[in-house]
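Take a look at the structure below.
The values are calculated or read from the model by the stated rules, or taken from the named source; none is laboratory data. In this text, all values refer to a predicted model and were calculated from it rather than measured experimentally. All Cβ positions, even for glycine, are placed from backbone atoms using ideal geometry, and neighbour counts span all protein chains on display. When the accessible area is computed, the model is the full protein with side chains, heavy atoms only, and any ligands, DNA or RNA have been set aside. Shrake-Rupley method; radii C 1.70, N 1.55, O 1.52, S 1.80 Å.
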Amino acid sequence: MRRIKTLLTEVDNRSKAGEERLLSLRMRQGLVDHVAAGGRPIPPESLVGFKIVEAGQVVMNRMRAAAGLFGVADVRGLVSPDYAVFEPRPDAYNPYLLQAFRLPSLAALFRAESKGLGTGESGFLRLYTDRFGPIPVPYPPLDEQRLIERFLDWHGNRTAKLIRAKLAVLKLVAEEREALTHNVVSSPRTRQMRLANIVDHIFRRVDRESTKTYTPVGLFNRGRGIFRKPPTRGDDLGDSTFSWIEDGDLILSGQFAWEGAVALAGPDEAGCISSHRYHILRGKEGLAQTIYLSSFLRTSFGHFLLNEHSRGAAGRNRPLNIRTLLKEKIPVPPQSEQARLIELVTLEKRLAGSIAKLADRLREFRTRLIADVVTGKLDVRAAAAGLPETSELAGSDDLAEVDDLDEATDDAEDEEVAA
């Protein structure tokens, strides 16, 4: 066991001109170029005072350390002033440390040592270096660390390959659904109607009880459905107001709708809750079926409308103006044409749910695997010795394709730079 402060030393170098490359810290991809990752350009004068990170240095998001939000810089750049930057000591091996920092046991310690305001998932708690440094981490010999990293990277690639194969099937179904939607829209009896006239904008207020447990939901981007967050006591839900969800609701993310964070609720989501940052729509009977609306908003034209009515300068966090969106006119086919979509949309939703459950199980297994390998409960040295070097493996991003945890950690906890 080694204390973290014997492996990492905090550095605090600030930009004087703000002209360095801005980096964003993501859950799976680590440190990435802010603009290349979809963030809006920020002028240099607004970046003065941001922290400079050099290639090879470790970055920690103080507020999300317990979730394993660490990264290693490949290039020189800037990160949020609220992040911590560490220079590794000569005997520190960064790839191993990033795996070790995701151990459930360390996550619990990171959470316990974080200080600040609030409780539960909504708390603004930060892990400061004076509390981070003394925490002990399992630290085998360097050659064994390299073998552990090689094995875990190999496993991550195999897992990602499986998920990508499943997603390829889902993509084909989505393409077929979009093609059918375009076909339905082209019906000669299709009318152009204002969205506000064919949907109900719903908010079923939740009167919270402090000791009662509620299950909030979030949305994956790119139309990949809904996920349920951990059950939370009413007094730990923060300051948001919440709405009840019912089977058949169309839910739009108030921050990431422009990225396709739109989903149809099913029986599994009935009785869950969504915060006021989400919008719930239902088609009016006799005019528009909610299933048709969900499919339309995931077409290229629907995506265009969502993008046009989402504005903001905080990276990817672009609020949806639901009032102006509801004023838009959209094509509304006859009910008989809309009904043609039901079977295909239902199939797509069922397939997406199946893949999400598989990914959850694989993620749970991988978390346990990392813990067992890093702590020595599972000896992988012999197996790893026969595997290719990490550099020879194709990049996996682990479960990045299905674990877009800048969504899966909720809109308010986006991993973008805090401007």
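Brief remarks follow.
- Spatially proximal lysines relative to residue 16 (Cα-Cα < 25 Å; intrachain offsets below 8 disregarded): 51
- Whole-Hz Karplus values for segment 165-181 come out as 5, 5, 5, 5, 5, 4, 5, 4, 5, 5, 5, 5, 5, 5, 4, 5, 4 Hz, taken residue by residue from phi with 6.51 cos²θ - 1.76 cosθ + 1.60 and θ = phi - 60°; glycine and proline positions read x.
- You can think of it this way: the chain between residue 340 and residue 385 has 10.7 nm of extra reach, that is 0.36 nm per residue less the Cα-Cα gap.
- Candidate lysines - alpha carbon under 24 Å from residue 166, same-chain residues fewer than 8 apart omitted: 229, 349, 357
- Along segment 293-305 the Karplus relation, 6.51 cos²θ - 1.76 cosθ + 1.60 evaluated at θ = phi - 60°, assigns HN-Hα couplings of 4, 5, 6, 4, 5, 9, 7, 4, 5, x, 5, 4, 5 Hz to successive residues, with x for each Gly and Pro.
- The chain - percent of accessible surface contributed by carbon and sulfur, probe 1.4 Å: 52
- Volume per residue of the convex hull around the Cα atoms, evaluated for the chain, comes out as 146 Å³.
- A 1.4 Å probe run over the protein chains yields, for segment 62-153, 42 Å² of accessible area per residue, whole-number rounding.
- Residue-normalised accessible area of segment 167-324, given per residue in Å² at a 1.4 Å probe: 45
- Residues of segment 167-207 with amide N under 19 Å of the 7 Å Cα→Cβ point at residue 357: 167-171
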